[in-house]
Amino acid sequence: MPSQGGYGSEIYQTHTRALLPPLGASYRVIHSVQHAQGQIGMDNWPGLRHAINGTGDTNQLFAYVDGRGETYFRDIVAKNDGWVSDDVWGTLRDTNPPVPRQQIFGPGGGPGFRRMAAKRDPGDYIKLRRSYD
């Protein structure tokens, strides 16, 4: 199935939330910055088209701080369908640890999404039908 086009997108998002004013022991602040971009290749079937491949990457910086002195910081990057890096630190690191090292692909990321078309013998349907008769 040759590619007949596709589309791409890019998103920048920043989110900061103070759950209570930063005074006293009960405040909590969350800060997150994320950037994501990607491309999807489409097939050339008439009517409803299908995604046949895709690539992209995303990275996120996340920070949590509260008035009790608890902290959690994360800098995570994924490319295609694999983790590139995941750095976690702070007093709450062990409650949500980083991705295990054996699951990190490295700078190139994963291989990306690629739809595989199954090859079928035209007689498969007839053989299957006869097995139910």
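Return the residues of region 30-47 that are in a strand (DSSP E or B) and surrounded by fewer than 16 Cβ atoms within 10 Å (Cβ to Cβ); say none if nothing qualifies.
To start, the set of residues in region 30-47 that are in a strand (DSSP E or B) comprises 30-42.
Correct list: ILE30, HIS31, SER32, VAL33, GLN34, HIS35, ALA36, GLN37, GLN39.
Out of GLY90, GLY54, GLY106, one residue alone is closer than 22 Å to GLU10 by Cβ and open to solvent by less than 60 Å² (accessible area, probe 1.4 Å). It is GLY54. Annotation note: of LYS127, LYS79, the sole residue that is modelled with pLDDT under 55 and either surrounded by fewer than 15 Cβ atoms within 10 Å (Cβ to Cβ) or within 27 Å of ASP57 (Cβ to Cβ) (or both) is LYS127.
Suppose the filter is hydrophobic (A, V, I, L, M, F, W, C) and touching a residue at least 40 places away in the same chain (Cβ under 8 Å); does ALA63 pass it? Answer is no for this residue.
Restricting region 13-47 to residues that are under 29 Å from LYS79 (Cβ atoms) and of a type in the set (S, T, N, Q) leaves a set whose member that is modelled with the lowest pLDDT is ASN44.
Among the residues of region 27-47, those that are over 28 Å from GLY110 (Cα atoms) and either in contact (Cβ under 8 Å) with a residue 40 or more places away in the chain or among the hydrophobic types (A, V, I, L, M, F, W, C) (or both) comprise TYR27, VAL29, ILE30.
A quick yes/no check of all residues on (1) in contact with a Cys (Cβ under 7 Å, 6 or more places away or on another chain); (2) in a loop (DSSP other than H, G, I, E, B); (3) under 25 Å from GLN39 (Cα atoms):
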residue	(1), (2), (3)
ARG49	no, yes, yes
THR55	no, no, yes
ARG74	no, no, no
PRO98	no, yes, no
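The values are calculated or read from the model by the stated rules, or taken from the named source; none is laboratory data. These figures come from a predicted structure and were not determined experimentally. All Cβ positions, even for glycine, are placed from backbone atoms using ideal geometry, and neighbour counts span all protein chains on display. Surface areas here come from the heavy atoms of the whole protein model, side chains and all, with no ligands, DNA or RNA. Shrake-Rupley method; radii C 1.70, N 1.55, O 1.52, S 1.80 Å.
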